[in-house]
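This report concerns only the one structure given below.
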Amino acid sequence: MATTTPTRGAHGSRPGRRAPKPMTPGRQAWRSRLWRFDDKASPYAYIAPFFLVFGAFGLYPLVYTGWIALHKVEMTGLDQMEWVGWENFSTILQDSEFWTAVTNTFVIGVISTVPQLMVALGLAHLLNYKLRASTFWRTVILTPYATSVASAALVFALVFRADGGLLNWVLGFFGFGETNWVNGHWTSNIAIAVIVIWRWTGYNTLIYLAAMQAVPSDLYEAASLDGASRWQQFRNVTIPALRPTILFTIVISTIGSMQLFGEPLLLEGGTNGAQGGTEHQYETLSIYLYNYGWNLGHLGTAAAVAWAMLVLLLLIAAINWLIGRLGRKTAA
Amino acid sequence: MTTTSPITAPDHRRVSKAAVRDEPPRRRRLKPGAGRQHHAGPFAYFALAVVGIGSLFPLYWTLVAASRTQDEILDTTPPLIPGGNLFHNLQAAWEQAHLGKAIVNTVIVSASITLATLFFCTLAGYAFAKMRFRGRGALMTAVIATLTIPPQLSVVPLFMMMSDIGWGGQLESVIFPTLVSAFGVFFMRQYLLEALPYELIEAGRVDGANNLRIVWSIVLPVARPAMMVLGMLTFVQAWNDFFWPYLALNQENPTLQVALGQLSAAYVPDQSIVMAGALISTLPLLVVFVIFGKQIVGGIMSGAVKG
């Protein structure tokens with residue numbers, strides 16, 4: 001491909017490494033300036049679209065949310081903003097429904113993330129064995145990922161129905177009475193967690209599997225030479241090697257559970273869904289935000305909810321970080 | 001095209017590599033103890049089968065429910081095999097929920113988001129992987145940091161902005177905020193870091209190609225496999241997106257997911273018709289998944305880990 005062997009810099013592409021071409025001096029200077037400009041500007045031009053789009057539709061609205069949260073803005077008149085100061089914030093902080101939503105988001109987050117990641121870890125371990133039709137198993141386990149929140153929530157709504165629901169029918173075989181899943185606080189939270197677990201376990205499994213396959217086999221060899229059982233190898237080789245990946249999935253799942261919207265909205269559908277159940281028993285923060293902004297039409301208050309979510313997210317991030325640090329310390 | 005080409009790699013290199021590691025030539029397995037070398041036992045297959053059934057059953061039951069009547073689904077013994085009402089339900093769903101329009105909208109939205117994401121993310125991924133420029137590390141960190149910001153935090157002003165620009169309820173309001181993705185930039189960067197040797201870029205430069213030319217005739221061909229995977233992942237995501245489209249679009253101009261949400265929110269929804277809608281919205285992706293499942297699996301495994 002190359003006509004001459006290029007003298008290579010430590011890491012390749014540096015300006016001024018091109019084969020010189022015979023040219024008139026003035027033209028050459030202009031060309032080389034053009035080249036240099038191309039080299040200097042191109043990287044920025046290539047990454048610019050990301051930052052432009054993110055700035056316009058991500059960062060700017062994020063900051064602007066804080067400003068809107070200090071105003072009264074109604075769905076009926078989007079261009080009328082009336083300064084109200086902290087009123088929106090005090091409204092939601094004094095609203096018991098807000099705290100229900102915080103609790104629900106937290107509870108659903110925990111009871112969906114913890115079992116999900118543990119099952120994913122176990123499944124990844126199984127898939128890491130020499131397996132017949134391994135691609136088939138991986139694909140099957142990932143299939144729920146291709147399903148939308150809406151479809152998943154609607155199918156599971158039927159599964160969890162009180163009368164004529166699939167789950168109660170199955171439980172009936174084992175002698176359990178009918179449970180009104182959607183009405184109970186815990187049961188409805190479990191139902192939503194099941195939808196989340198169903199959709200995301202396969203995804204996390206594959207992430208863990210990839211990380212497991214990157215563990216050098218020398219480590220296992222050494223462990224087995226030392227007489228470690230398979231469980232001990234899993235416990236003392238696999239898990240420590242996967243620590244960064246596990247942290248990554250915890251972060252991703254936590255952020256995901258902060259956003260739960262479609263699952264609770266469609267569990268019952270209609271007005272019940274829009275307020276997270278008759279008693280708000282499965283109302284999440286996203287539903288709370290939607291209800292204030294798009295159902296009741298108070299966008300200013302909805303913006304205050306968004307900022308409350310941001311604060312919670314930072315809190316969770318801090319806790320995650322602390323746990324990560326602690327984990328590293330105890331490991332060392 | 002891979003980083004190391006087995007043909008040109010001289011033989012002595014492999015020898016010296018072993019010497020550097022200061023090890024005798026390795027015997028294969030000393031003891032069949034290493035975890036991944038084990039064959040899976042019957043328990044593993046049993047467990048996988050249980051999980052597999054759990055994964056697929058809700059999808060199968062969507063089909064069952066979509067082909068029955070509401071009374072049959074909600075009977076005290078729910079049906080477990082499909083019935084004969086599928087066509088009727090599909091037709092009813094089609095009429096009740098603007099599904100025709102929704103399909104066209106969803107295809108427009110998903111296709112444009114996918115194409116734009118592929119274009120912009122490949123460019124940015126290439127810049128981050130192989131070009132040197134001031135602030136590269138910090139900017140890449142910024143890209144990854146944006147992954148942690150939930151869309152919930154910015155929907156209120158976004159909604160107001162869209163209505164200001166005149167995109168309220170229009171597909172543009174769903175397409176434009178998603179034209180690029182941080183995951184995509186990261187994914188392409190990771191791939192190109194390994195798959196694109198500096199020698200190739202260098203060779204292009206020696207031949208007098210400018211940067212755009214290098215992207216077009218060197219980077220794009222190398223990036224193609226990763227672009228395929230990113231394209232499918234993005235398409236699946238765009239097709240299934242619910243939260244923002246549900247807020248931004250209206251009943252007359254929905255995507256499939258929005259239409260589905262509205263179908264279920266109808267005054268007295270007929271569950272068999274809702275399920276028919278769910279089937280319509282899921283089926284195209286399942287087909288994609290059956291055909292490209294292997295690549296999507298590989299893509300998730302290669303993309304999400306290395307950090």
Within region B:65-108, residues within 31 Å of the chain's Cα centre (by Cα), crowded, with 22+ Cβ neighbours inside 10 Å and over 30 Å from B:TRP244 (Cβ atoms) come out as B:SER67
With respect to B:GLY137, determine if the residue is open to solvent by less than 40 Å² (accessible area, probe 1.4 Å) and among the small types (Gly, Ala, Ser). no
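If I go through region B:286-295 residue by residue, how many of them are more than 7 Å from every other protein chain (Cβ to nearest Cβ) and either closer than 16 Å to A:THR205 by Cβ or under 13 Å from the mean Cα position of the chain (by Cα) (or both)?
First pass over region B:286-295, keeping only residues more than 7 Å from every other protein chain (Cβ to nearest Cβ): B:287-288, B:290-292, B:295.
Going one step further and asking which of them are either closer than 16 Å to A:THR205 by Cβ or under 13 Å from the mean Cα position of the chain (by Cα) (or both), we end up with B:288, B:292, B:295.
Of the residues in that region, 3 qualify.
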Over region A:198-236, the set of residues open to solvent by 80 Å² or more (accessible area, probe 1.4 Å), more than 9 Å from chain B (Cβ to nearest Cβ) and basic (Lys, Arg) is A:ARG235
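What residue, of B:PHE186, B:PHE120, B:PHE128, B:PHE176, is farther than 16 Å from A:PHE54 by Cα and in contact with a helix residue (DSSP H, G or I) (Cβ under 7 Å, 6 or more places away or on another chain)? Quick ask: steps written out before the conclusion?
Values: B:PHE186 fails: farther than 16 Å from A:PHE54 by Cα; B:PHE120 fails: farther than 16 Å from A:PHE54 by Cα; B:PHE176 fails: farther than 16 Å from A:PHE54 by Cα.
Unique residue meeting the criteria: B:PHE128.
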For B:ILE165, the lone unmet condition from (1) more than 8 Å from every other protein chain (Cβ to nearest Cβ); (2) within 16 Å of B:THR255 (Cα to Cα) is (2)
Exercise. If you check B:ALA238 against the conditions, is it touching a Leu at 6+ places or on another chain (Cβ under 6 Å), more than 30 Å from B:ASP207 (Cβ to Cβ) and more than 10 Å from every other protein chain (Cβ to nearest Cβ)?
Worked result: no
With criteria (1) surrounded by 18 or more Cβ atoms within 10 Å (Cβ to Cβ); (2) at pLDDT 95 or above, B:PHE119 comes up short on (1)
### Query
Restricting attention to region A:249-271, does a residue exist that is open to solvent by 10 Å² or more (accessible area, probe 1.4 Å), at the interface with another protein chain (Cβ under 10 Å from one of its Cβ atoms), free of Cβ contacts under 8 Å to residues at least 60 places away in the same chain and among the hydrophobic types (A, V, I, L, M, F, W, C)?
yes
Scanning region B:125-139 residue by residue, the ones that are of a type in the set (Gly, Ala, Ser) and without any contact (Cβ under 8 Å) to a residue 12 or more places away in the chain total 4
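Which residues, taken from region A:187-199, are out of contact with any helix residue (DSSP H, G or I) (no Cβ under 6 Å at 6 or more places or on another chain) and under 21 Å from A:TYR145 (Cβ atoms)? Walk me through how you get there before you give the answer.
Just the residues of region A:187-199 that are out of contact with any helix residue (DSSP H, G or I) (no Cβ under 6 Å at 6 or more places or on another chain), to begin with: A:187-188, A:190-191, A:194.
Within region A:187-199, A:ALA191, A:VAL194 qualify.
Restrict the check to region A:87-101 and report whether at least one residue is open to solvent by 20 Å² or more (accessible area, probe 1.4 Å) and more than 30 Å from the chain's Cα centre (by Cα).
First, pick out the residues of region A:87-101 that are open to solvent by 20 Å² or more (accessible area, probe 1.4 Å): A:87, A:89-91, A:93-97, A:99-100.
Okay, now just the ones that are also more than 30 Å from the chain's Cα centre (by Cα), so A:87.
So far as region A:87-101 goes, yes, one or more of its residues are open to solvent by 20 Å² or more (accessible area, probe 1.4 Å) and more than 30 Å from the chain's Cα centre (by Cα).
Applying the selection to region A:46-80, what residues are of a type in the set (Phe, Trp, Tyr) and open to solvent by less than 20 Å² (accessible area, probe 1.4 Å)?
Looking only at region A:46-80, we keep the residues that are of a type in the set (Phe, Trp, Tyr), and these are A:46, A:50-51, A:54, A:57, A:60, A:64, A:67.
Of everything in region A:46-80, those that are of a type in the set (Phe, Trp, Tyr) and open to solvent by less than 20 Å² (accessible area, probe 1.4 Å) turn out to be A:TYR46, A:PHE50.
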All-but-one check, A:GLY277 against (1) in contact (Cβ under 8 Å) with a residue 12 or more places away in the chain; (2) at the interface with chain B (Cβ under 8 Å from one of its Cβ atoms); (3) not hydroxyl-bearing (Ser, Thr, Tyr), failing number (2)
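Mind counting the residues in region B:38-61 that are outside any helix (DSSP H, G or I) and either closer than 14 Å to A:LEU123 by Cβ or more than 9 Å from every other protein chain (Cβ to nearest Cβ) (or both)? Give the derivation first.
We begin by selecting, within region B:38-61, every residue outside any helix (DSSP H, G or I); these are B:38-41.
After this cut, where a residue has to be either closer than 14 Å to A:LEU123 by Cβ or more than 9 Å from every other protein chain (Cβ to nearest Cβ) (or both) as well, the list is B:40.
Here the count works out to 1.
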Expected output for region A:163-184 (first residue more than 25 Å from A:THR100 (Cβ to Cβ) and among the polar types (S, T, N, Q), partner open to solvent by 60 Å² or more (accessible area, probe 1.4 Å) and not in a helix (DSSP H, G or I), Cβ below 7 Å, 6+ apart or cross-chain) is A:ASN168/A:GLU178
(Q) Can you confirm whether B:GLN262 is in contact with a Pro (Cβ under 8 Å, 6 or more places away or on another chain) and open to solvent by 20 Å² or more (accessible area, probe 1.4 Å)? (A) yes
When every residue in region A:291-331 that is over 24 Å from the mean Cα position of the chain (by Cα) and closer than 15 Å to A:TRP67 by Cα is compared, the one surrounded by the fewest Cβ atoms within 10 Å (Cβ to Cβ) is A:HIS298
Counting only residues in region B:203-217 that are among the small types (Gly, Ala, Ser) and closer than 15 Å to B:LYS130 by Cα, the one surrounded by the fewest Cβ atoms within 10 Å (Cβ to Cβ) is identified as B:ALA203
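Within region B:176-202, track down each residue that is aliphatic (A, V, I, L, M), more than 16 Å from B:CYS121 (Cβ to Cβ) and open to solvent by less than 10 Å² (accessible area, probe 1.4 Å). Outline the logic, then answer.
First, pick out the residues of region B:176-202 that are aliphatic (A, V, I, L, M): B:179-180, B:182, B:185, B:188, B:192-193, B:195-196, B:200-201.
Subsequent filtering for residues that are more than 16 Å from B:CYS121 (Cβ to Cβ) retains B:200-201.
Residue satisfying the conditions is B:ILE201 alone.
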Do the conditions hold for B:MET228, that is, is it more than 9 Å from chain A (Cβ to nearest Cβ) and of a type in the set (A, V, I, L, M, F, W, C)?
yes
Of the candidates B:VAL156, B:VAL185, B:VAL174, the one satisfying the condition of being at the interface with another protein chain (Cβ under 8 Å from one of its Cβ atoms), closer than 19 Å to B:SER112 by Cβ and not in a loop (DSSP other than H, G, I, E, B) is B:VAL185
inquiry  = Given the condition surrounded by fewer than 19 Cβ atoms within 10 Å (Cβ to Cβ), more than 21 Å from the chain's Cα centre (by Cα) and not in a loop (DSSP other than H, G, I, E, B), answer yes or no: does some residue in region B:142-152 qualify?
reply    = yes
When (1) without any contact (Cβ under 8 Å) to a residue 40 or more places away in the chain; (2) farther than 18 Å from A:ILE197 by Cα are applied to A:ILE287, the one that fails is (1)
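The values are calculated or read from the model by the stated rules, or taken from the named source; none is laboratory data. Source: prediction; values computed, not measured. Heads up, the Cβs are rebuilt from the backbone with ideal geometry, glycines too, and the neighbour counts pull from every protein chain shown. Heavy atoms of the whole protein, side chains included, go into the accessibility calculation; ligands, DNA and RNA do not. Shrake-Rupley method; radii C 1.70, N 1.55, O 1.52, S 1.80 Å.
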